[in-house]
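Here's the structure we're looking at; comments come further down.
The values are calculated or read from the model by the stated rules, or taken from the named source; none is laboratory data. Since the structure is predicted, the reported quantities are computational estimates derived from the model, not experimental observations. Cβ coordinates were reconstructed from backbone atoms using ideal geometry, including for glycine residues, and neighbour counts include every protein chain displayed.
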Amino acid sequence: MSKYLIPLTFALVLSASALELPNVLGSPPAKSKEDWIKIQRPKTLELFKNHVYGRAPLGKPTTLSFKIIEEDPKAMDGAATLRIIQISYSGPGGESGFKLITFIPNKATKPAPGYLLICNRGPETIDPTRKKKDDFWPVESIVARGYVAATFPNSELSTDKDLNFNNGAHKAFDNYDGGRPGDAWATIAAWAWGASRALDYFETDPAIDASNFAVVGHSRGGKTALWAGATDERFALTISNNSGCTGAALARRKTGERVARINKSFPHWFCGNYKNFDGKENELPIDQHQLVALMAPRAVYVASASKDDWADPEGEFLAAAYAGAVYELFGLKGLETMEMPVADQPIQLGHIGYHLRTGKHDLSQYDWEQYLNFGDKHLKN
Ligand code: GTR
């Protein structure tokens, strides 16, 4: 018999105690949504800033500016308006910026809701001419469903190789006298910060409904999407695709990629303090179900792939399942089950969605179809 074929409340207690997870409701546990909003949510967010993702030195810069550098009202055979926006900012370390590619459906009711993909792959993946097409960013399908398809290359915010934090947003804003503090932001937080700056642009575009926008990311981009959704409550929907270790997967399961390994392979992704937990997952003051819960009461979706053991699909599922207790404080449904679904059977009944796709670590057309279906329920279109 599967260990999940036991009554829900009993299963929750059993699995949680086996893993000794911190209470998703905080400490002391929030008893009401007011408790959560005023006390335990800020405390939980603070713990993640201090120990995992680091602290961005600023939110929206006063120097932020937007310039449309390319526009085509009849892109994709007239289906969409393409706008490429150069987003610029400057700080004590100089000026920097990034490109935001945006396809706005011409047929949709305006302002249109949309999906912002944090792109962690090469420029050919997000070709604005649409000569090259890639399932990683299926613009044609997104636009056909009435949504804005937007993306930016994460590397323009911070390259994925810069161990000295000396480019992009880090170069512009990092200004640490006496050395980099253990809770200083790192690469993932800089990418998430970029997603918020893209949202700042959407707020200025009358064709776009910034209040109904999803942030989506795959793998390291999925970790980033979760951090963007946690730190910026303007995102209406957060989507984590195969985000794995320090994304949706529970650290305490110690399955697949682990904290010591991720900190060794990618020492620039998380803050310095996170390295204190190498080999010591049980000592983390939080676990990743609490990151998923930070989206409440907004919608959140976690997806896994059946051949993605490195990302621990079961750990990703459980984090999504445990986050439900916070949604209940708001009178909302989460996943409503502790039973991991079989492959290709999405769960989309409440404000938390989940699916396990057959196949390898990737962001595919199948995944996007589920995200668009979930968006139809949670983004006003
Ligand atoms: C892997 C890494 C994962 C995941 C992945 C990716 O090498 O171990 O945490 O982020 O890269 O981003 O594709």
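Among the residues of segment 282-301, is any within 18 Å of Asp135 (Cβ to Cβ) and within 15 Å of the chain's Cα centre (by Cα)?
yes
Considering every residue within segment 130-147, establish whether at least one is more than 23 Å from Leu379 (Cβ to Cβ) and assigned to a strand (DSSP E or B).
No, because not a single residue in segment 130-147 is more than 23 Å from Leu379 (Cβ to Cβ) and assigned to a strand (DSSP E or B).
Only one of these is within 16 Å of the ligand (Cβ to nearest atom) and either modelled with pLDDT of 95 or more or within 17 Å of Ala248 (Cα to Cα) (or both): Leu335, Leu363, Leu349, Leu356. Name it.
Every option except Leu363 fails the conditions.
Given the criterion modelled with pLDDT of 95 or more and exposed (fewer than 15 other Cβ atoms within 10 Å of the Cβ), identify the matching residue among Gly26, Gly59, Gly93, Gly97.
After applying the criteria, what remains is Gly59.
Can you tell me which residues in segment 241-263 are among the small types (Gly, Ala, Ser) and more than 10 Å from the ligand (Cβ to nearest atom)?
Scanning segment 241-263 gives Ala248, Ala251, Ala260.
Condition first: surrounded by fewer than 24 Cβ atoms within 10 Å (Cβ to Cβ) and within 16 Å of the ligand (Cβ to nearest atom). Now tell me which residues in segment 278-295 satisfy that.
Asp278, Glu281
For segment 296-309, which residues satisfy the criterion of being within 16 Å of the ligand (Cβ to nearest atom) and surrounded by 16 or more Cβ atoms within 10 Å (Cβ to Cβ)?
Those that are within 16 Å of the ligand (Cβ to nearest atom) and surrounded by 16 or more Cβ atoms within 10 Å (Cβ to Cβ): Val302, Ala303, Ser304, Ala305, Asp308.
Give the number of residues within segment 115-144 that are surrounded by 20 or more Cβ atoms within 10 Å (Cβ to Cβ) and over 20 Å from the mean Cα position of the chain (by Cα).
Going through segment 115-144 one residue at a time, the tally reaches 1.
Within segment 245-337, considering only helices (runs of 4 or more DSSP H) that don't extend past its boundaries, which have at least 2 residues that are over 19 Å from Asp232 (Cβ atoms)?
Those helices (runs of 4 or more DSSP H) span 259-265, 313-329.
Identify the residue in segment 199-239 that is crowded, with 23+ Cβ neighbours inside 10 Å, outside any helix (DSSP H, G or I) and of a type outside the set (A, V, I, L, M) and, among all such residues, is farthest from the ligand (Cβ to nearest atom).
Asp209
Being at pLDDT 95 or above, on the phi > 0 side of the Ramachandran plot and polar (S, T, N, Q), is that true of even one residue in segment 229-243?
Yes, segment 229-243 contains at least one residue that is at pLDDT 95 or above, on the phi > 0 side of the Ramachandran plot and polar (S, T, N, Q).
Can you name the residue in segment 166-198 that is of a type in the set (Phe, Trp, Tyr) and crowded, with 24+ Cβ neighbours inside 10 Å and, of all such residues, is farthest from the chain's Cα centre (by Cα)?
Here the answer is Trp185.
When you go through Glu316, Glu328 one by one, which is the residue that is closer than 23 Å to Thr44 by Cα and within 16 Å of the ligand (Cβ to nearest atom)?
Sole residue among the options that is closer than 23 Å to Thr44 by Cα and within 16 Å of the ligand (Cβ to nearest atom): Glu316.
Need the failing condition index for Phe266 against (1) crowded, with 23+ Cβ neighbours inside 10 Å; (2) within 14 Å of the ligand (Cβ to nearest atom), just the number.
Result: Phe266 fails condition (1) only.
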